[in-house]
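> Following this message is one structure expressed as structure tokens.
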Amino acid sequence: MSDTLRVESTSLPEALARILTLLPSDRPQSESVALDESLGRTLARDLLSPIDVPAYTNSAMDGYAFRGEELAGEGTLELAVAGESLAGHPCSHEIPPGSALHVMTGGLVPEELDTVIPFEKVEEMPGRIRFARDAVKPGANVRHKGEELRTGDAALRRGERITPAHVGLAASLGYAELPVERIVRAAVFATGDEVREPGRPLGEGELYNANGHSLTAQLRAWGADVTNLGILPDDPDRMEAVLREAARTHDLLLTSGGVGAGEKDFTSLVLSRLGTVTHLHVAMRPGKPLTFGTIETEGRRVLFLGLPGNPVAALLSARLFVRPVLDGLAGSRPVEVPLLRATAATNVRSRPGRTEFVRGTLERRGEELFFTPYATQSSALLTTLTECNACALIEETAGSIPAGRPVDVFFL
């Protein structure tokens, strides 16, 4: 088998670009879900505002509304209080010149009035108020009809992953349901006769299936509907049957380790039977080995990704390669990893020729952020993720970063 499989070397950006070209161009039919069930889903079309927001001109605070032109001059201004406007209970008559309207936050401000002064800036007397003319500027503290959104404006854009703020905005526009893309269905599996599920005793030379569960958790955190297929046996025929069935009902198949070009890597053999397979050596650390391909089944294209076997490399590779694939399958806008500029507290070791991801701790000292690399960078140790909060990104051409120099980092 090793004679027929070829491993290509490539950069990280090139590897991601090649994987993304395999995404299907057609999108499954969208669906509508109740507003309170939409959190984390991807909006399937632009959401247009059916109303002006605000729907009417209103006060931004408790106080008194009046004509801003009456602020002309110096000294104090005294106005008669000629009415009251509460939220949901507007004033029904016109306010004459030389008068003010007692208004509460959210209360309707009549079109003849354009300025609100907070109540704490006025001297209140029976039926009248008095305040300094320079205590407020004309037009202050009034929220005008349609200043946030006009009827027909796009309030939310297709491809946005719905957040609590999006839910609130949609509710404020009167939407009880939202159009969303179908949830991506992913199947995660492990391979190897030496792998055991947690909860069972280990024999000599055996290890627990950590990657299958960490990847399942990670994909669920990203909004996918995940089936954990458990551990598939080192039996090509049985493995093929399971993967063929999984491909019928899922959009993505994901595994880690055991997908190389070696004679005992049965996963590659099975995938080559079912579709196409590409093996890469990506110029990055951790996470050098990467396998991807497609399975064509019942008129659908199902993607396959094989991540490195070391636990840290698997999770980091998932963030770099699987998350963009999930976003593409879900019709979501790509999620950019925000980079922060910090100062290296100690030397950050890296080798030119590959993109290096160095785990460590990011902390603030006064006004400056400092990054301290973790003592060990072994990709086999999950504790380097549980005990670190950040990762330095060292570009392929950079090499090591001396202490005191700037370094780009992102939160884990």
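> Under the Kirkwood approximation for Rh and a Cα-based Rg, what ratio Rg/Rh is obtained for the chain?
1.17
> Looking at the chain, how many pairs of lysines come closer than 28 Å at the Cα, when each pair is eight or more places apart or spans two chains?
4
> Could you check which residue among GLY299, GLY230, GLY146 shows the biggest mean-square fluctuation in a GNM of the chain with a 10 Å Cα cutoff?
Comparing GLY299, GLY230, GLY146 in a Gaussian network model of the chain, the most mobile one is GLY299.
> Here's a follow-up. Looking at the chain, send over the antiparallel percent of its DSSP beta bridges, to the nearest 5.
Close to 70 percent.
> Could you give the spread of the C-alpha atoms of the stretch 238-360 along their three principal axes, from largest to smallest, in whole angstroms?
Taking the Cα atoms of the stretch 238-360, the three principal extents are 54, 37, 21 Å.
> Continuing with the same structure: Determine the per residue accessible area of the stretch 21-119 with all protein chains present and a 1.4 angstrom probe, expressed in square angstrom.
50 Å²
> When the accessible area of the chain is computed with all protein chains present and a 1.4 Å probe, what percentage of it is carbon and sulfur?
Ligands and nucleic acids excluded, carbon and sulfur give 50 percent.
> How high is the relative contact order of the stretch 284-408, in percent, counting Cα pairs under 8 Å that sit 6 or more residues apart? Before the final figure, lay out the partial values.
Details: 227 pairs, mean separation 34.5, N = 125.
Worked out over the stretch 284-408, it gives 28 percent.
> So if I place +1 on the C-beta of Lys and Arg and -1 on the C-beta of Asp and Glu, and nothing else carries charge, what would the dipole magnitude of the chain be about its Cα centre? I want it in debye, nearest 20.
Here the size comes out at about 1200 debye.
> Normalising by the residue count of the chain, find the relative contact order in percent from Cα pairs under 8 Å and 6+ residues apart.
RCO, the chain: 16 percent.
> Given the C-alpha centroids of the stretch 94-133 and the stretch 320-348, what is the distance between them in whole angstrom?
51 Å
> Another question, then. Quick check for you: with a 1.4 Å probe and neighbouring chains kept, what is the accessible area per residue of the stretch 186-251, in Å²? Please list the in-between numbers first.
Values: 3270 Å² over 66 residues.
Averaged over the residues of the stretch 186-251, the accessible area is 49 Å².
> Can you list the trypsin sites (Lys or Arg not before Pro) in the stretch 214-305 that are in a DSSP coil and have 15 or fewer other beta carbons within 10 angstrom?
For trypsin sites (Lys or Arg not before Pro) across the stretch 214-305 that sit outside H, G, I, E and B with at most 15 neighbouring Cβ atoms in 10 Å, the list reads LYS264.
> Restricting to DSSP H runs of at least four residues, report the calculated mean residue ellipticity at 222 nm for the chain, -39500 (n - 2.57) per run over all residues, nearest 500 deg cm²/dmol.
Numbers: 8 runs with 72 residues, N = 412.
Rounded to the nearest 500, the figure is -5000 deg cm²/dmol.
> Related question: What does the convex hull of the Cα atoms of the stretch 207-290 come to per residue, in Å³, rounded to a whole number?
Looking at the stretch 207-290, the number lands at 120 Å³ per residue.
> Hey, what's the stretch 266-358 come to in accessible area per residue, 1.4 Å probe, Å²?
39 Å²
The values are calculated or read from the model by the stated rules, or taken from the named source; none is laboratory data. This one's a predicted model, so the numbers in the text were calculated from it and none came from an experiment. With ideal geometry, Cβ positions are generated from the backbone for all residues, glycine too; neighbour counts draw on all protein chains shown. Surface accessibility is based on the protein's heavy atoms, side chains included, excluding ligands, DNA and RNA. Shrake-Rupley method; radii C 1.70, N 1.55, O 1.52, S 1.80 Å.
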